[in-house]
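Bear in mind these aren't lab numbers, they're just calculated from the coordinates by the rules spelled out. Note that the structure is a prediction, hence the values are computed from the model and not measured. Every residue, glycine among them, receives a Cβ derived from its backbone with ideal geometry; neighbour counts consider all protein chains shown.
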Amino acid sequence: MQNIYSKLPDISTTIFTVMSKMATKYGAINLSQGFPNFAVDPMLIDLVNIAMQKGYNQYAPMAGLVSLREVIAEKTNTLYGSTYHPETEITITSGATQGIFTSIAAFINPRDEVIIFKPAYDSYEPSIQLYGGKVIPIQLSAPDFTINWQEVASKITSKTKMVIINTPHNPSGSVLSKEDMLQLEKLLKGTDIILLSDEVYEHIIFDGQKHQSAALFPGLAERAFITASFGKTFHITGWKMGYCLAPKKLMAEFRKVHQFNIFCSNHPMQYALSEYLKTPNHYLSLPDFYQKKRDLFLSLLKDSRFTFSPASGTYFQLLKYTNITEEGDVAFAERLTKEHRIASIPVSVFNLHNQDDNVLRFCFAKTEDTLKQAAEVLCKI
């Protein structure tokens, strides 16, 4: 029998797959994996059909459809006062995760150190490990998940190659403030450290807050890859469409990997998105759209035994359950799915040493009926 050396020996099936599979098995309301259960705008579907009828069915340009890159540049530069050039500084990706992976692949070498903040989206760490990098984790804790920038400064060494941030933050629903970004800008000044800024929930931010994109801060933008997701923005997670922004020199290295990783992304969908983005309200209306869902969900839970602080962004809400049980979050999430028919995500799986803050993550990107059904179950526990 052939001996196989695993490059990721400690990696098992992602928790999203595990919990969604369990939700299906037990017929549970699935508030675990982060996908909407309401319809996509029919206009987008029609635009894809039009693109296919027009013949946009072969390879797209490697960097992405020019018209799509142009409208992304207009959108980004208008929102953040940036100057991204569509020809050399924007690449269309097959989902934001591919953009994250390719950014890491292009720059991380064996023994390079990468600072990440945990709980962290679970693609970061294995992508770093695949290229021999060393993860330097900084643990954030419930309920506020704020960053101690003095601790970050203490973790920066001559081996630090990259820092990865995520705002609005999955799974906590927290957001980085302007002061946070200025602190980061100050820390990275005068270094060759690359910033990877995961901003897939940029348009899902609440209570009048402004998204603090790395593009807003010159000292960060000059060293940053910014990843974005059409899937999260337009409720089309199954399309796996996103994009990456970076200065010309960084993007040139990114594309060297991108062209041999996927070469290009789905052509007719790029055409559809290039047309759809021409109406800014399609993304500018999202804060109000999702805040109404967050507020409805939390209002329905006000008399439950769960406790919470309203999410500041994303479409995830953490619920603390210490008034209910002393179980660990994995055990409680499994029991909720099996016995109460509602699926969530235990947050400890994203933490350093599986730190358990006794919170579960629930996705509220669902129809009102689904949220009401879920809240009815949760209020009986």
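Enumerate the lysines that Lys302 could reach by cross-link, defined here as Cα to Cα under 21 Å, with residues fewer than 8 away along the same chain left out. Counting by Cα, and skipping residues close in sequence, Lys302 has these lysines nearby: Lys292, Lys293, Lys320, Lys366, Lys372, Lys380.
Counting only lysines at least 8 places from Lys186 when in the same chain, those with an alpha carbon closer than 17 Å to its own are Lys155, Lys161, Lys178. Were the residues from Arg341 through Leu284 laid out at 0.36 nm apart, the gain over their Cα-Cα distance would be 17.0 nm. Between the alpha-carbon centres of the stretch 109-175 and the stretch 10-47 there is a gap of 26 Å.
Across the chain, the mean sequence separation of Cα contacts (distance under 8 Å, 6 or more residues apart), normalised by length, yields a relative contact order of 25 percent. Comparing Cα centroids, the stretch 340-381 and the stretch 277-297 end up 22 angstrom apart. This ranking places Trp149, Trp239 by how few other beta-carbon atoms lie within 10 Å of each, fewest first, which gives Trp149, Trp239. Under 15 Å between alpha carbons, and skipping anything fewer than 8 positions from Lys159 in its own chain: which aspartates and glutamates qualify? Result set, ordered by chain and number: Asp112, Glu113, Asp192.
Not counting the cut sites, what is the longest span of the chain without trypsin sites (Lys or Arg not before Pro) that DSSP labels loop and that have at most 13 other Cβ atoms within 10 Å? Intermediate values should be presented prior to the final figure.
Details: sites that count: Lys7, Arg111, Lys159, Lys189, Lys210, Lys278, Lys302, Lys380.
With a cap of 13 other Cβ atoms within 10 Å, the longest stretch comes to 8-110.
Each of His203, His340, His211, His258 has some number of other Cβ atoms within 10 Å of its Cβ, and from fewest to most they run His340, His211, His203, His258.
Placing pseudo-labels 7 Å out from each Cα toward the beta carbon at Gln150 and Glu376 gives an inter-label distance of 5.1 nm.
A full extension of the chain between Arg305 and Asn3 corresponds to an added length of 103.6 nm, given 0.36 nm per residue minus the alpha carbon distance.
Rounded to the nearest 500 deg cm²/dmol, what is the calculated helix-only ellipticity per residue at 222 nm for the chain, with -39500 (n - 2.57) per DSSP H run of length n ≥ 4? All intermediate terms of the calculation are to be shown ahead of the outcome.
Numbers: 15 runs with 152 residues, N = 381.
Counting only the DSSP helices, I get -12000 deg cm²/dmol.
Here the residues Leu195, Leu319, ranked from fewest to most Cβ neighbours within 10 Å of their Cβ, fall in the order Leu319, Leu195.
In this structure, Glu74 and Lys256 have a Cβ-Cβ separation that, at R0 = 30 Å, corresponds to a calculated FRET efficiency of about 0.65.
How much FRET efficiency would the formula 1/(1 + (r/R0)^6) give for Lys21 and Leu130, where r is the Cβ-Cβ distance and R0 is 25 Å, rounded to 0.05? Can you show the working numbers first?
On the way: r = 25 Å, r/R0 = 0.99.
Plugging the Cβ-Cβ distance into 1/(1 + (r/R0)^6) gives 0.50.
Between Ser67 and Met52, full extension at 0.36 nm per residue minus the direct alpha carbon distance yields a gain of 3.8 nm. When the chymotrypsin sites (Phe, Trp or Tyr not before Pro) in the stretch 296-381 are filtered for DSSP coil states and for at most 14 other beta-carbon atoms within 10 Å of their beta-carbon, no site remains.
Could you please report the charge total around Thr337, scoring K, R as +1 and D, E as -1 over all other residues with beta-carbon less than 12 angstrom from its beta-carbon?
On the way: positive: Lys21, Lys25, Arg335, Lys338, Arg341; negative: Glu334, Glu339.
Net charge around Thr337: +3.
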